[in-house]
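Student: The structure under discussion is supplied below as structure tokens; questions concerning it will follow.
The values are calculated or read from the model by the stated rules, or taken from the named source; none is laboratory data. Just so you know, these numbers come straight off a predicted model, no measurement behind them. A quick note on method: Cβ atoms are made from the backbone with ideal geometry, for glycine too, and the neighbour counts reach across all protein chains shown.
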Amino acid sequence: MMNSPSPTAALEALPVPKVGHIDLVTVKLPFVAPFGTSVHVWTDKEALLMRLESGGVTAWSECVSDPDPFYFYETNATARHIIKDFLLPLLEPGIALGELDGRFRRVRGHGMAKATVENGLLNLIAIQKGVPLHELLGRPAKKIMSGLSIGLKETPADLLAAVERAVDRKYHRVKMKIKKGQDVDWVRAVRDRFPDIRLMVDANGDYSLADAARLRRLDEFGLMMIEQPLSYSDIYEHSLLQKEMKTAICLDESVHGLADAATAIALGACRIINIKQGRVGGLMESMRIARFCAERGVGVWSGGMDETGIGRAVNIHLQTAEGFTLPGDTSETSSYFDEDIADPPVVLDAEGFIGIPAGPGLGVRVMPERILKRATAWERLR
Ligand code: OSB
Ligand code: MG
């Protein structure tokens, strides 16, 4: 196996910029339709945003936590607490980002909170340098593949209609949520109607090993992968299940960082990893995991947390990094929101690709009047 230089060495050497005002802003955006999973149904997006101001320049970042701990243990309230009381006090202008990363490691877990600060700083540095974020990450621009995540639907007809819309928009792959009792027949309905699409399922941890026989029935549908079939905290049992299934297992919830990815790969618990930059602690850890996986033939893709245009843009820039060979959960803004807080919205081109927003940093413009319209809390920390 190659031992190539770290993909984040140059980023780790960057000095932490001096930051003036720091604000935490909570916004609430209604979804165009409820988003159902095996763990919860969300009807809107409550996002914790961080605003950094430095010498007349403003940089935003988005925490990917939800207000509730149903997908992940962090919540918007715990993230606010950790950012405010433990992470921001470690900020020191002039130290290297790698040094800050090291200081953050003393705080165990809370990757979503860490990612909010780290991504905000990287965005700020990119804006100050006048370069797009992907360029700061050392990566050339490219067209990004698209993927839609379709929530649990009331009826198979609703599901088929949603898949049909995705196919018409030319999405590169379609993911459908499943849960116990809403799986094999629903997948068959989609497969019968769309025999050739790249299709995958996500169970959000709804099954146990006792369901192995049922899960094996999914093998006949030529799925790209099954995402997180077993418990949100499990790696070992997934390795047992993977030996029993033809379909590739993809881990989401149980990978919190590079060490978990290494464990999962060593055990053969998955053949694919969903990297949510927030869940693993930010862009730098995402790049480390993606490189690690690429060197071992494990595919990775960028997951989503139905982010606003801020987090959505972060995920787009991340996908220029080495290793992101599979289409991720990066969909059009309109699949979640009628009106987002940032412009331009994400739209697919005629071949289903997504262009990287042009301009320094994230490349999207955060619209102050839309933030004000959607804000439910605004806290100036300094
Ligand atoms: O499991 O990937 C998941 C959304 C919220 C919480 C968990 C998940 C999801 C998605 C949507 O599947 C991904 C997206 O479109 O952003
Ligand atoms: Mg998932």
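Student: Is there any pair linking a residue in region 198-220 that is surrounded by 15 or more Cβ atoms within 10 Å (Cβ to Cβ) to one that is part of a strand (DSSP E or B), with Cβ under 6 Å and at least six apart or on different chains, and which?
Tutor: Listed pairs, sorted by first residue: LEU199/VAL174; MET200/LYS175; VAL201/MET176; VAL201/ILE226; ASP202/LYS175; ASP202/LYS177; ASP202/GLU227; ASP206/LYS179.
Student: Provide a single number: the residues in region 46-90 that are within 16 Å of ligand 2 (Cβ to nearest atom) and either assigned to a helix (DSSP H, G or I) or touching a residue at least 40 places away in the same chain (Cβ under 8 Å) (or both).
Tutor: Selection size over region 46-90: 5.
Student: A further question follows. Can GLU237 be described as within 14 Å of ligand 2 (Cβ to nearest atom) and either over 28 Å from ASP158 (Cβ atoms) or not in a helix (DSSP H, G or I) (or both)?
Tutor: Numbers: within 14 Å of ligand 2 (Cβ to nearest atom): no; either over 28 Å from ASP158 (Cβ atoms) or not in a helix (DSSP H, G or I) (or both): yes.
No: the conditions fail for GLU237.
Student: Let me ask something else. In region 19-38, what count of residues is obtained for those that are more than 19 Å from MET112 (Cα to Cα) and either in contact with a helix residue (DSSP H, G or I) (Cβ under 6 Å, 6 or more places away or on another chain) or within 16 Å of ligand 2 (Cβ to nearest atom) (or both)?
Tutor: Number satisfying all stated conditions: 5.
Student: Could you say which residue among TYR232, TYR207 is within 19 Å of the chain's Cα centre (by Cα), modelled with pLDDT of 95 or more and of a type in the set (Phe, Trp, Tyr)? Steps first, answer last, please.
Tutor: On the way: TYR207 fails: within 19 Å of the chain's Cα centre (by Cα).
Among TYR232, TYR207, only TYR232 is within 19 Å of the chain's Cα centre (by Cα), modelled with pLDDT of 95 or more and of a type in the set (Phe, Trp, Tyr).
Student: Using beta carbons and a limit of 6 Å, which pairs, at least six apart or on different chains, have the first residue in region 263-287 and under 16 Å from ASP306 (Cα atoms) and the second one of a type in the set (Val, Ile, Thr) and within 14 Å of ligand 2 (Cβ to nearest atom)?
Tutor: What qualifies is ILE275/VAL300; GLY278/VAL64.
Student: Here's a follow-up. With respect to GLY311, is the statement that it is within 16 Å of the chain's Cα centre (by Cα) and surrounded by fewer than 24 Cβ atoms within 10 Å (Cβ to Cβ) true?
Tutor: Values: within 16 Å of the chain's Cα centre (by Cα): yes; surrounded by fewer than 24 Cβ atoms within 10 Å (Cβ to Cβ): no.
Criteria not met by GLY311.
Student: Applying the selection to region 125-166, what residues are small (Gly, Ala, Ser) and either over 30 Å from THR58 (Cα atoms) or within 16 Å of ligand 2 (Cβ to nearest atom) (or both)? Before you say what the answer is, go through the steps one by one.
Tutor: As a first pass, look at region 125-166 and keep what is small (Gly, Ala, Ser): 126, 130, 138, 141, 146-147, 149, 151, 157, 161-162, 166.
Result: GLY147, SER149, GLY151, ALA157, ALA161, ALA162, ALA166.
Student: Between a residue in region 91-102 that is β-branched (Val, Ile, Thr) and any residue that is crowded, with 16+ Cβ neighbours inside 10 Å, which pairs come within a Cβ distance under 6 Å, given they are 6 or more apart or on different chains?
Tutor: ILE95/VAL16
Student: Would you point out the residue of region 292-308, among those that are crowded, with 24+ Cβ neighbours inside 10 Å and of a type in the set (Gly, Ala, Ser), that is nearest to ligand 2 (Cβ to nearest atom)?
Tutor: Filtering first and then ranking leaves GLY303.
Student: Same structure again: Looking at ILE289, ILE272 in this structure, which one is surrounded by fewer than 22 Cβ atoms within 10 Å (Cβ to Cβ), within 16 Å of ligand 2 (Cβ to nearest atom) and either hydroxyl-bearing (Ser, Thr, Tyr) or modelled with pLDDT of 95 or more (or both)? Talk me through it step by step, then tell me what you get.
Tutor: Numbers: ILE289 fails: surrounded by fewer than 22 Cβ atoms within 10 Å (Cβ to Cβ).
Exactly one of ILE289, ILE272 is surrounded by fewer than 22 Cβ atoms within 10 Å (Cβ to Cβ), within 16 Å of ligand 2 (Cβ to nearest atom) and either hydroxyl-bearing (Ser, Thr, Tyr) or modelled with pLDDT of 95 or more (or both), namely ILE272.
Student: Please enumerate the residues belonging to region 142-162 that are crowded, with 22+ Cβ neighbours inside 10 Å, away from ligand 1 (no atom under 13 Å from the Cβ) and under 20 Å from ASN204 (Cα atoms).
Tutor: Answer for region 142-162, where residues must be crowded, with 22+ Cβ neighbours inside 10 Å, away from ligand 1 (no atom under 13 Å from the Cβ) and under 20 Å from ASN204 (Cα atoms): just LEU159.
Student: Within 23 Å of LEU122 (Cβ to Cβ), assigned to a loop (DSSP other than H, G, I, E, B) and within 18 Å of the chain's Cα centre (by Cα): does that describe GLY359? If you could, list the steps in order and put the result at the bottom.
Tutor: Numbers: within 23 Å of LEU122 (Cβ to Cβ): yes; assigned to a loop (DSSP other than H, G, I, E, B): yes; within 18 Å of the chain's Cα centre (by Cα): no.
Taking the combined requirement at face value, the residue does not satisfy it.
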